[in-house]
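One structure is given below, encoded as structure tokens.
Every read-out reported here was derived from the displayed coordinates using simple, explicitly stated rules and does not represent laboratory data. All of these numbers come straight from a predicted model, not from anything done at the bench. Here the Cβ positions follow ideal geometry from the backbone for every residue, glycine too, while neighbour counts run over all protein chains shown.
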Amino acid sequence: MGAFDQFPFLADADDIVSEQEDEYASPPALQSVTTWAEASIILSAKDSAEPGPYRADRTPYAREPMDCLSQHSAVEEVILMWGAQTGKTRIGSNWLGYLIDTNPGPVMIVQPTIDMAKRYSRQRVAPMLEESPALRRKVRENRSRDDANTTLLKEFAGGFLAVAGANSAAGLRSMPVRDLFLDEVDGYPMDVDGEGDPCALAEARQSTFSRRKRLRTSTSTTRGVSRIEAAYQAADRCHFEVPCPHCHTHQVLEWGADKAHGIKWDRLDDGSPDRESIRYVCQHCGSEIREHHKASMLPAGRWVAEAPGAQGGRVRSFHLSSLYAPLGWLSWAQLADEWHKAIEAARTGDSSLLRVFVNTRLAETYEEQGDKADQHALRKRAEAYPLRTVPHGGLVVTAGADVQGDRLEAYAWAWGRGEESWLVDHTIIYGDPALPESEPGSPWAALTEWRRLPLQHASGAAISITATAVDSGGHHTDLVYRYARRHAGEHVLAVKGASTPGRAIIAKPSQVEFNHHGKRIKGGAQVWLVGTDTAKHLLYGRMQVQEAGPGYVHTSAALPGYVWKQITAERVVTRYVKGHPRREWVKPAGRRNEALDCAVYAMAAAWHIGVPRHTDAHWQRYEARLRQGDLLALTLDTEAATLEAVAQSEAAQGDEPQATATEQQGPQQQGAKPAPAPRPEPPPQDTRAQPRPPKRHVRRAGWVTKW
Ligand SMILES: [Zn+2]
């Protein structure tokens, strides 16, 4: 089995392998990568905001790490934990150009995925090879050998450049390579195709070369899990110190949100940063440093190692935040704006922007907050609104449903401005979910009835469930697809949880539908992937919000006690998978979590109908609809109803599901009745046992969805 089986068109590939050391053991070039790049690299407008000859003086901090990659340097590996807009990818590209031109050999670049590898090749490698005359010549010499130059394999005189994705083991173990560029390693999967760590797989390709070099770069991710942080810590840990223009003391630029030094600004009336006032306060003399001072500070900077000589000096690691971005790239004012927005969002329990800022701007790992929640604290603040009523502020209702072996569980959540949310109803429907909706006793028929029964808004109007997400990832997948397809017109979605960190709460659907033989039907139902990890972080973050308003999570005191227990059941732990840390959500053995799963699905349904993107105009439209409904609604003493319902529910409350009247009656009994036809609207009668406000006639059921 030849190493080049994947690339049969690479004519003399086997020669390259067999002559490895001899062919490439040429006398080391004395030119450094920086010197070479200044003389030879022409930046393309496709690839760079500053097209033209490469200017090393724009990023003075890049010189030392880049020159560690020069052929005469004894350093074997360079690690860059750098923020966005600092030019770290440029270092990799310059090194590749240098290798092609002055020290050719077998080289591999690894990107997190095959798709990113293709994009990198087209957007980064191709323009460089086209624009820089020295490189154009080298690669052109091989043009006659027809399609040797493909997206993922560039051949040049004396070597080749393979571009691989860390999500495909085949690409990573295809051939021996002398030089390796591992780009954005924190985006790599922990395990690729069951063959282990993609970094280790790629590094193993270098073992036959003694004069090998490696560049490893990334912005960072979660503390304790980040690959780049682990690699950075294990080496000499260099920081870039620049002199204060006033007292001339060298120092590392730090964000300093909780310190006296660092980036500071004055606030405008709306609380946002006054861009004119942005300055850096010197750690030593307290003087104000303006961003234009970078022009003199950066060239006078120096790398200082925390652990000089670590790993025998063979591995060097460098940290650099976006505070050092050259003038005109990413300004301190932009950073201040981003920080302000991130902090505002974090106040509503949404830490996702803050995480992005810490990872990609400060180039630091992020420690998840709010990764566990206190059921007692949440229960203690429960409010006195009855179930099936939506308090003022809640303007649209979504539901999440979970399918178990012997029952369906569903929760309805109301949403308002700033994603403030109210848990407004909960039902458990016993029955065999394998029974299709048309069969007597099917819990699906009862779910339809529950979904269609309008709730009562605090204004007196009726309000319906707009969208429902049903979990298809557990039991009875095919029945869920069938149900979702049948009720697609009422925004019923079949969803499937995907716990990949960072995944969107709801993404585009994929087509999957199975017929009753379990075969896939072309053009059938869709399943929507739900980023359960992301949704849980958001929900747990929001449960920490202490003041009613944006992000706040309201619960009704009328809920059975187990709901708070279930919704707070999980927490984040670090697990080791094949020796690599991984942060995941777990629930203690034996603890139930249906309320949490359903909350996640209801959130996905809300995101599906665009709740996070709603402008005030959207909310006003909901309000107008409710006002219209109010005129039509029957007069009702809501206050009296509220008190009565709360009293009822308190009497019925228990700590385990079996103890509550709600579950033993109601939907379970409905199941024995013939299932109602899917349309028209259900009878205007609430068949739930209790708790609920007194029965009232509801007109225009479902009208809220038709707008
Ligand atoms: Zn100073």
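Output wanted: per-residue J couplings in Hz (rounded whole) for the stretch 33-41, from phi through Karplus 6.51 cos²θ - 1.76 cosθ + 1.60, θ = phi - 60°, x for Gly and Pro.
4, 4, 4, 4, 4, 5, 7, 10, 8
Provide the percentage of antiparallel DSSP beta bridges, counting only those with both residues in the stretch 52-164; round to the nearest 5.
Restricted to the stretch 52-164, the bridges split so that about 45 percent are antiparallel.
If packing is taken as the mean number of other Cβ atoms within 10 Å per residue, what is the order of 400-413, 378-391, highest first?
Ranking the peptides 400-413, 378-391 by packing returns 400-413, 378-391.
Where the centre of each part is set by its Cα atoms, how far does the stretch 83-109 sit from the stretch 373-420, in angstrom?
When both Cα centres are located, 53 Å separates them.
So for the pair R55, V573, with labels modelled 7 Å out along Cα→Cβ, what separation do we get in nm?
5.5
Pairs K88/K138; K88/K587; K264/K536; K46/K294; K508/K565: which are spaced more than 29 Å apart, C-alpha to C-alpha?
K88/K587; K264/K536; K508/K565
Just in the stretch 225-321: which trypsin sites (Lys or Arg not before Pro) are loop by DSSP and have at most 14 other Cβ atoms within 10 Å?
Here the trypsin sites (Lys or Arg not before Pro) that fit, given the DSSP loop and packing criteria, are K259, R290, R314.
Using the Karplus equation 6.51 cos²θ - 1.76 cosθ + 1.60 (θ = phi - 60°), what ³J(HN,Hα) coupling, rounded to whole Hz, does each residue of the stretch 586-592 give in order, writing x for Gly and Pro?
Going residue by residue, I get 9, 10, x, 3, x, 8, 8 Hz, with x marking Gly and Pro.
So how far apart, in nm, are the two label points at D191 and R302 if each is 7 Å from Cα heading toward Cβ?
Roughly 4.8 nm, to one decimal.
Applying 1/(1 + (r/R0)^6) with R0 = 35 Å to the Cβ-Cβ distance of R485 and K587, what FRET efficiency is obtained, to the nearest 0.05?
That pair, R485 with K587, gives E of 0.70.
Say R0 is 22 Å: what FRET efficiency, to the nearest 0.05, do T208 and S73 get from their beta-carbon distance?
The calculated FRET efficiency here is 0.60.
For the stretch 88-245, just say rounded, prolate or oblate: build the C-alpha gyration tensor, square-root its eigenvalues into a ≥ b ≥ c, call rounded for a/c under 1.5, and beyond that prolate if a/b exceeds b/c, oblate if not.
Since a/c reaches 1.5 but b/c is at least a/b, the shape of the stretch 88-245 is classed as oblate.
Relative to the present Cα-Cα distance, how much length would full extension add between H618 and D432 at 0.36 nm per residue of separation?
Result: 63.0 nm gained on full extension.
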